[in-house]
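The values are calculated or read from the model by the stated rules, or taken from the named source; none is laboratory data. Everything numeric in this text was worked out from a predicted model, so none of it was measured. Virtual Cβ from ideal backbone geometry, glycine too; neighbours counted across all protein chains shown.
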Amino acid sequence: MDLTGKIAIVTGGATGIGKGIVEKLSSLGATVVINYNSSIDASKKLVDELRSKGGVAECIQANVSKFDEAQNLVNFAVEKFGRVDILVNNAGITKDNLIMRMDENDFDQVIEVNLKGTWNMAKHASKVMMKQRSGKIINIASVVALMGNAGQSNYVASKAGVIGLTKSLARELSKRNITVNAVAPGFIKTKMTDVLDEKIVEQIANNIPLARMGEASDIANAVAFLASDLSDYITGQVLNVDGGLVMY
């Protein structure tokens, strides 16, 4: 896989899975625009790390759930590098609770960031890609969108929406040589899962056929494939990266 000369935007790219994606795309030669909302220090540190390795990277603050801020993010990439070849919609939040305890605001915020944010970025980036007559859009969904999860009605609904959005956009944009796919992570090791009790981690692993949680690099590798020329005949698909947790 060679992404030399490609311009990529990764939303929520400063930490966790997003950081893994940024590092992978950069290692394959892509110029990466790292979006963050609040992780300014982590973003600047990542840019410095990539540049020290010979990579080209920039970071910019934007709340992708805001239509105009998403537009500014895409404009920044175009003004800086002239085009957008790859968009990875990774930015997302969780506000878990059982429905009887979940505040309306917690539902709305998760939908706004995870689903509306993905739509905002795809809308603005697709305009650029349509003029180029080429582009790759990769949306980060979740296996819970396929199986449901108690206490995550807001998050599951948002990610199920992302999957539906992915398929619709794949049909709309295909005539302009733009592919749209989704990656659905399973249980992935991040700072959020590092705080879990070992017994809980063991219980999770027992439900996974490969008997382990995934790494951010596992998601990054799948994204890199979908961003590369090797996936040119793949669109409208959901690639589960979950150790076999969901099979259908």
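Please find, within region 162-190, the residue that is nearest to the chain's Cα centre (by Cα) out of those that are of a type in the set (Ser, Thr, Tyr) and over 22 Å from residue 208 (Cα atoms). Let's see the steps before the verdict.
Taking region 162-190 first, the residues of a type in the set (Ser, Thr, Tyr) are 166, 168, 174, 179, 190.
Those left that are additionally over 22 Å from residue 208 (Cα atoms): 166, 168, 174, 179.
Working: 166: 12, 168: 17, 174: 20, 179: 15 Å.
Only one residue tops the list, namely 166.
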In region 39-63, which residue that is touching a Gly at 6+ places or on another chain (Cβ under 9 Å) and over 22 Å from residue 6 (Cα atoms) is surrounded by the most Cβ atoms within 10 Å (Cβ to Cβ)? 39
Residue 57 fails exactly one of the following numbered conditions: (1) in contact with a Lys or Arg (Cβ under 9 Å, 6 or more places away or on another chain); (2) more than 19 Å from residue 17 (Cβ to Cβ). What is the number of that condition? (2)
Regarding residue 134, is this residue surrounded by 17 or more Cβ atoms within 10 Å (Cβ to Cβ), touching a residue at least 24 places away in the same chain (Cβ under 8 Å) and of a type outside the set (A, V, I, L, M)? no
Note on region 169-200: residues small (Gly, Ala, Ser) and loosely packed, with under 14 Cβ neighbours inside 10 Å are 174
Do we have residue 38 as part of a loop (DSSP other than H, G, I, E, B), over 28 Å from residue 176 (Cβ atoms) and out of contact with any Ser or Thr (no Cβ under 8 Å at 6 or more places or on another chain) here? yes
With the checklist (1) closer than 24 Å to residue 111 by Cα; (2) touching a strand residue (DSSP E or B) at 6+ places or on another chain (Cβ under 8 Å) in hand, flag the one item residue 158 doesn't pass. (2)
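Yes/no per residue for (1) outside any strand (DSSP E or B); (2) surrounded by 16 or more Cβ atoms within 10 Å (Cβ to Cβ):
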| position | (1), (2) |
| --- | --- |
| 202 | yes, no |
| 222 | yes, yes |
| 225 | yes, yes |
| 233 | yes, no |
| 240 | no, yes |
| 244 | yes, no |
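Would you be able to tell me the number of residues in region 1-29 that are among the small types (Gly, Ala, Ser) and more than 16 Å from the chain's Cα centre (by Cα)? Before you say what the answer is, go through the steps one by one.
The first filter runs over region 1-29 and keeps only residues among the small types (Gly, Ala, Ser), leaving 5, 8, 12-14, 16, 18, 20, 26-27, 29.
The next check asks that each one be more than 16 Å from the chain's Cα centre (by Cα); those that pass are 5, 27, 29.
Total meeting the criteria: 3.
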Flag for residue 159 being buried (at least 19 other Cβ atoms within 10 Å of the Cβ), touching a residue at least 12 places away in the same chain (Cβ under 8 Å), under 14 Å from the mean Cα position of the chain (by Cα) and not in a helix (DSSP H, G or I): no
Region 145-155: number of residues that are of a type in the set (A, V, I, L, M, F, W, C), under 18 Å from residue 102 (Cα atoms) and either modelled with pLDDT of 95 or more or in contact with a strand residue (DSSP E or B) (Cβ under 9 Å, 6 or more places away or on another chain) (or both): 0
